[in-house]
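I have placed the structure first, in the form of structure tokens, so that the comments after it can refer back to it.
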Amino acid sequence: GAGVSQSPSNKVTEKGKDVELRCDPISGHTALYWYRQSLGQGLEFLIYFQGNSAPDKSGLPSDRFSAERTGGSVSTLTIQRTQQEDSAVYLCASSLNPPEAFFGQGTRLTVV
Amino acid sequence: TQLLEQSPQFLSIQEGENLTVYCNSSSVFSSLQWYRQEPGEGPVLLVTVVTGGEVKKLKRLTFQFGDARKDSSLHITAAQPGDTGLYLCAGASNAGNTGKLIFGQGTTLQVKP
């Protein structure tokens, strides 16, 4: 595919369960971002990967959140012991020329 | 902490009117971008401005970066219903080598036919 692909597009989970969100970036893009967006609001930075450098994790809201990027391509955002306040749209973006970013459609996470 | 404040947060206008959206900060950014987002979609990059005082035009949209690289504006001439959406400004952090983007809260634009 030509664009950033995220899966699943929607996820409903029970409070306390763990979830994994996946991001397939545009081929060849060395930078990858995760953002979180609440309804109608701006984007909250979570984490940034650039090549082989140590990721910028400064936006992760708690130690329940983690992300990895395997082989410099696919990334997974994991949220452990989900809480209702984790409900949001999680957006992934990739870039060949940071900070110009190309976003996926997002994963809408609902914690019930 | 770098913050970006957008105004207005919500704008509802008639087709054909002009409008301006503002993006302000007390911090200097190395570059600033404008995105447009439609419901259920991710943001789509409209423009990047890099130089203080820079003006870029994209059809009916005019983007300006402040001389001090702390603020920006988006002006739409003769708005059309297709311009409806959430407009987001985003500044690239000036600290270190990170490509992290700081986003404003967004401006929801509704253009009525």
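The values are calculated or read from the model by the stated rules, or taken from the named source; none is laboratory data. Owing to the predicted nature of the structure, the values given are computational and were not obtained by experimental measurement. For neighbour counting, all protein chains shown are included, and Cβ atoms are generated from backbone atoms with ideal geometry for every residue, glycine included. The accessibility values were calculated without ligands, DNA or RNA, using every heavy atom of the protein model including side chains. Shrake-Rupley method; radii C 1.70, N 1.55, O 1.52, S 1.80 Å.
What's the number of the condition B:GLY99 fails, among (1) touching a residue at least 12 places away in the same chain (Cβ under 8 Å); (2) in contact with a strand residue (DSSP E or B) (Cβ under 7 Å, 6 or more places away or on another chain); (3) more than 15 Å from B:CYS23 (Cβ to Cβ)?
Here B:GLY99 meets the rest and fails (1).
Being in contact with an Asp or Glu (Cβ under 7 Å, 6 or more places away or on another chain) and surrounded by 13 or more Cβ atoms within 10 Å (Cβ to Cβ) is the filter here; which residues of the range B:38-63 pass it?
B:LEU45, B:THR48
Any chance you could count how many residues in the range A:62-84 are free of Cβ contacts under 8 Å to residues at least 12 places away in the same chain and not hydroxyl-bearing (Ser, Thr, Tyr)?
3
State which residue is surrounded by the fewest Cβ atoms within 10 Å (Cβ to Cβ) when the search covers only the range A:38-63 and only residues that are away from chain B (no Cβ under 14 Å) and more than 14 Å from the chain's Cα centre (by Cα).
A:ASP63
Specify the residue that is farthest from A:SER62 (Cα to Cα); the eligible residues are those in the range A:29-42 that are among the aliphatic types (A, V, I, L, M) and out of contact with any Lys or Arg (no Cβ under 7 Å at 6 or more places or on another chain).
So the residue we want is A:ALA31.
Might you let me know whether the range A:68-82 holds any residue that is under 19 Å from A:VAL19 (Cα atoms), in a loop (DSSP other than H, G, I, E, B) and open to solvent by 50 Å² or more (accessible area, probe 1.4 Å)?
yes
Checking B:ASP83 against (1) open to solvent by 10 Å² or more (accessible area, probe 1.4 Å); (2) more than 23 Å from A:GLY106 (Cα to Cα), which single condition isn't satisfied?
(2)
Please go through the range B:73-113 and pick out each residue that is of a type in the set (Gly, Ala, Ser), within 15 Å of B:PRO8 (Cβ to Cβ) and more than 8 Å from chain A (Cβ to nearest Cβ).
B:SER73, B:ALA79, B:GLY85
Which ones in the range A:67-110 are of a type in the set (A, V, I, L, M) and touching a strand residue (DSSP E or B) at 6+ places or on another chain (Cβ under 6 Å)?
Result: A:ALA67, A:VAL74, A:LEU77, A:ILE79, A:ALA88, A:VAL89, A:LEU91, A:ALA93, A:ALA101, A:LEU109.
Kindly check whether there is at least one residue in the range A:5-17 that is more than 10 Å from every other protein chain (Cβ to nearest Cβ), touching a strand residue (DSSP E or B) at 6+ places or on another chain (Cβ under 6 Å) and either over 28 Å from B:ARG36 (Cα atoms) or open to solvent by less than 30 Å² (accessible area, probe 1.4 Å) (or both).
Looking through the range A:5-17, at least one residue is more than 10 Å from every other protein chain (Cβ to nearest Cβ), touching a strand residue (DSSP E or B) at 6+ places or on another chain (Cβ under 6 Å) and either over 28 Å from B:ARG36 (Cα atoms) or open to solvent by less than 30 Å² (accessible area, probe 1.4 Å) (or both).
I'd like to know if the range A:88-99 contains one or more residues that are of a type in the set (A, V, I, L, M), part of a loop (DSSP other than H, G, I, E, B) and touching a Phe, Trp or Tyr at 6+ places or on another chain (Cβ under 9 Å).
yes
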